[in-house]
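Below is one structure; the comments refer to it alone.
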Amino acid sequence: MIEIGTQVDLLHPADRVWHAVTDPALLARWFAEAEAVPDRPGRWRVGTAGLPGFDGDVEIAAVRQREPELLVVRCVEGVRHTELTCVVTATGEGCRVTVRETVQQGGWSVGQGARREECYRQSLAGRLPALLDWLAFREVDLRRDNAAPTAVLPVALMAEVARPSTRSRTGWVVVGSGAAVLALGLAGWALLPQDREEPTVAAPVPPSVRPSATPGPSRSAASARPTSAPPSRSATPSRSPSPTPSRTPTPTPAVAEPLQARYATVSTRVFGYTGEVVVANPGGTRATGWTVVVTLPPGSSAAEVTGADWRQDGQSVTFSGPAVAAGGTQAVRFEVRTADPVTKAPQGCTVDERPCAGL
């Protein structure tokens, strides 16, 4: 028996999720189009041809259902028969969706089951939450008095949207550019060479010359008798100093500089966003054992993490990943689900207990 499955936590009530899973029009928005099979009551054809892990369209028929908790369907895809089970369990902040598919006849080729499982995971964790957010907004005006917490927009958000902005973006750009030009000008002035008075170098004084003969009594130039100069001794050649061997400099080991990190919100949706932390190693040695801690607002949860191992404890999400090469970077991307439609960034971020940039 071959079985695949995935699980995702959603910040939406179970009845809304059930609606998105069982309504063919909504199913087409987050997974694949579905249409009734002519002359075969209770059977639907789902357009999965072209999706990862699928060989073609799948014909499904409901086997068992209990709204809004359980749905079991039989799937026929060519000669392969499978049974797909979807369980929706209510939680304190929404619900948990568990999908499991078991092969009953036939089988999957090598790697096909993994690709199929990944397709389910991406659909449930990515496209389905976006559709549920859209459904929640549609329900605001229809059920304003008895709507679930995720379907009501805060009054502060509506006031912020209605209030026109009083800041001029152009003004901010001009001021910033002027400050940058001024800073560059001051830096250039500080680095210019100053006029210096060249020091006066004294002319070298020639060494004193010792006379070759001891002077005798003073004589007039006319009566002076030339004296023969004593034979000069051959000068003893001075020994050339033996060269001192130069020492080979010991290479200085590269200094491990602290890691740096920058946070950015990559994309947003109504009740969540996608965050990314890029860890950079500016030092000359390979960095291992780094830790990034992101603090989420109360009631938020992280999911779909790539680039690191992770765990969540309350509001704190701790990431640890592979070694970062000297001068290299490591990106960590994660999904955040929250009931607050205003906040689109975490409350804090640190790398090895030092603050991340970007927050």
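The values are calculated or read from the model by the stated rules, or taken from the named source; none is laboratory data. Note that this is a predicted model, so its numbers are computed, not measured. Cβ sites come from the backbone with ideal geometry, for glycine too, and all protein chains shown count toward neighbours. Side chains included, ligands, DNA and RNA excluded: accessible areas come from the protein's heavy atoms. Shrake-Rupley method; radii C 1.70, N 1.55, O 1.52, S 1.80 Å.
Tabulated data for the structure shown
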| read-out | value |
| --- | --- |
| Residue match in region 269-288 (condition: loosely packed, with under 14 Cβ neighbours inside 10 Å and more than 15 Å from residue 258 (Cβ to Cβ)) | no |
| Residue that is nearest to residue 111 (Cα to Cα) [pool: residues in region 32-78 that are touching a residue at least 60 places away in the same chain (Cβ under 8 Å) and open to solvent by 40 Å² or more (accessible area, probe 1.4 Å)] | 52 |
| Strands (runs of 3 or more DSSP E) completely within region 1-59 that count 1 or more residues being closer than 28 Å to residue 273 by Cα | 3-10 |
| Whichever residue in region 289-302 is more than 16 Å from residue 354 (Cα to Cα), surrounded by 17 or more Cβ atoms within 10 Å (Cβ to Cβ) and of a type outside the set (S, T, N, Q) and, among such residues, is farthest from the chain's Cα centre (by Cα) | 296 |
| Near pairs, Cβ below 6 angstrom, 6+ apart or cross-chain, from region 312-325 (without any contact (Cβ under 8 Å) to a residue 24 or more places away in the chain and closer than 17 Å to residue 354 by Cα) to any residue that is in a strand (DSSP E or B) and not hydroxyl-bearing (Ser, Thr, Tyr) | 316/293 |
| Region 122-137: number of residues that are touching a residue at least 40 places away in the same chain (Cβ under 8 Å) and under 24 Å from the mean Cα position of the chain (by Cα) | 8 |
| Restricting region 93-141 to residues that are closer than 23 Å to residue 299 by Cα and of a type in the set (Asp, Glu), the residue that is least open to solvent (accessible area, probe 1.4 Å) | 133 |
| Residue list for region 1-13, restricted to those being farther than 23 Å from residue 80 by Cβ and either charged (D, E, K, R) or open to solvent by 20 Å² or more (accessible area, probe 1.4 Å) (or both) | 7, 9, 13 |
| Output for region 71-129, where each listed residue is part of a helix (DSSP H, G or I), under 18 Å from residue 18 (Cα atoms) and among the aliphatic types (A, V, I, L, M) | 124, 125, 128 |
| Hey, residue 110 farther than 19 Å from residue 46 by Cα and at pLDDT 90 or above or not | no |
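Okay, residues lined up against (1) assigned to a loop (DSSP other than H, G, I, E, B); (2) within 14 Å of the chain's Cα centre (by Cα); (3) buried (at least 18 other Cβ atoms within 10 Å of the Cβ):
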residue	(1), (2), (3)
331	no, yes, no
334	no, yes, yes
341	yes, no, yes
345	yes, yes, yes
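Listed here are the residues, each with its yes/no results for (1) without any contact (Cβ under 8 Å) to a residue 12 or more places away in the chain; (2) within 20 Å of residue 3 (Cα to Cα); (3) polar (S, T, N, Q).
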residue	(1), (2), (3)
94	no, no, no
108	no, yes, no
112	no, yes, yes
120	no, yes, no
